[in-house]
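For reference, the structure is listed below as structure tokens.
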Amino acid sequence: MEKGLKNLNGHYIICGYGRMGKIVSERLYEENLPFVIIENNPTKIEELRNERKYLFIPGDTTQEEILLQAGVKKAKALAALLPSDADNLYLVLTVRLICPSLFVLSKVVDEEAEKKILQIGANKVVSSYKLSGLKIAQGLIRPTVVDFLDLIIRRKELSLYMEEYTVIKESPLIDKTISELNIRQRANVIVVAVKKPGKDIIFNPPSNFTIETGDTLLVLGDKQGIKQFENIFLHSAA
């Protein structure tokens with residue numbers, strides 16, 4: 001356990017192994033991404049011990065020493081998935097005092113807590129009830145769209161991937177238009193959307209759209225196409 005924790009770097013921290021925490025952990029495990037779970041419920045700790053599948057720390061996620069043990073200063077992101085909004089609020093505040101720049105996603109139960117958790121420092125909040133309700137509504141109105149999105153999410157069932165890449169200053173993508181890069185023909189992927197820092201997402205960017213440093217590209221394609229895109233456009237800058 002200690003060796004595994006010491007080797008963590010650029011990893012994800014999952015705070016809380018409830019229903020949502022289990023789903024997130026399963027997905028990260030399927031993606032072969034490094035992560036550690038923090039849980040203080042004795043029943044769930046025993047469950048994690050019996051599974052012998054995930055790296056975890058038994059303890060209170062709102063305690064600074066536990067977060068440091070989980071490598072919070074070296075982590076890529078943290079998910080606050082504790083049972084109550086009060087716990088998640090305190091957790092986000094504690095994390096922000098330790099790592100002001102860490103990406104933090106928090107679950108919210110009460111919509112009124114959403115604004116408070118964002119103000120205290122969470123980058124993003126997710127309401128499980130709201131998401132479930134929206135998905136049910138979309139399933140009624142646009143069932144095929146929901147089926148398509150499910151296929152993207154459940155990669156084991158279809159080799160269709162959606163990845164996001166933030167453009168760095170050394171990238172060969174910079175100051176080139178989508179047409180000039182010829183991404184679709186060269187890598188067989190589609191640039192579904194682009195998000196510029198601090199601005200709204202631009203869906204289906206036009207062919208004359210110029211890519212700049214800091215832009216985040218949402219790319220859709222099969223596994224081979226995604227790999228080809230990475231090789232051509234991300235690994236070729238020297």
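The values are calculated or read from the model by the stated rules, or taken from the named source; none is laboratory data. Every value quoted in this text rests on a predicted model; they were computed, and no experiment measured them. We place every Cβ from the backbone using ideal geometry, glycine too, and count neighbours over all the protein chains shown.
Taking each residue of the stretch 202-226 that is assigned by TED's automatic domain parsing to the domain that holds Gln185 and within 15 Å of Asn182 (Cα to Cα) and looking for partners that are part of a helix (DSSP H, G or I) and hydroxyl-bearing (Ser, Thr, Tyr) with beta-carbon atoms closer than 6 Å, six or more apart or interchain, yields Ser207/Ser179. Annotation note: of Ala75, Ala80, the sole residue that is farther than 13 Å from His11 by Cα, assigned by TED's automatic domain parsing to the domain that holds Ser101 and modelled with pLDDT of 95 or more is Ala80. Could you please find all residues in the stretch 160-178 being surrounded by 13 or more Cβ atoms within 10 Å (Cβ to Cβ) and of a type outside the set (Phe, Trp, Tyr)? Of everything in the stretch 160-178, those that are surrounded by 13 or more Cβ atoms within 10 Å (Cβ to Cβ) and of a type outside the set (Phe, Trp, Tyr) turn out to be Leu160, Met162, Glu163, Val167, Ser171, Pro172, Leu173, Ile174, Lys176, Thr177, Ile178.
For the stretch 3-16, indicate whether the set of residues that are out of contact with any Asp or Glu (no Cβ under 8 Å at 6 or more places or on another chain), in contact (Cβ under 8 Å) with a residue 12 or more places away in the chain, assigned to a helix (DSSP H, G or I) and farther than 19 Å from Ile98 by Cα is non-empty. Scanning the stretch 3-16, I find at least one residue that is out of contact with any Asp or Glu (no Cβ under 8 Å at 6 or more places or on another chain), in contact (Cβ under 8 Å) with a residue 12 or more places away in the chain, assigned to a helix (DSSP H, G or I) and farther than 19 Å from Ile98 by Cα, so the answer is yes. The condition (being within 21 Å of Ala193 (Cβ to Cβ), at pLDDT below 85 and exposed (fewer than 13 other Cβ atoms within 10 Å of the Cβ)) is satisfied by just one residue among Arg155, Arg142: Arg142.
When you look at Asp215, is it over 22 Å from the mean Cα position of the chain (by Cα) and at pLDDT 90 or above, yes or no? No.
Scan the stretch 60-75 and give yes if some residue there is in a loop (DSSP other than H, G, I, E, B) and more than 20 Å from Ser101 (Cα to Cα), otherwise no. Among the residues of the stretch 60-75, at least one is in a loop (DSSP other than H, G, I, E, B) and more than 20 Å from Ser101 (Cα to Cα), which makes the answer yes.
The set of residues in the stretch 185-237 that are among the acidic types (Asp, Glu) and either in a helix (DSSP H, G or I) or loosely packed, with under 14 Cβ neighbours inside 10 Å (or both) comprises Asp200, Glu230.
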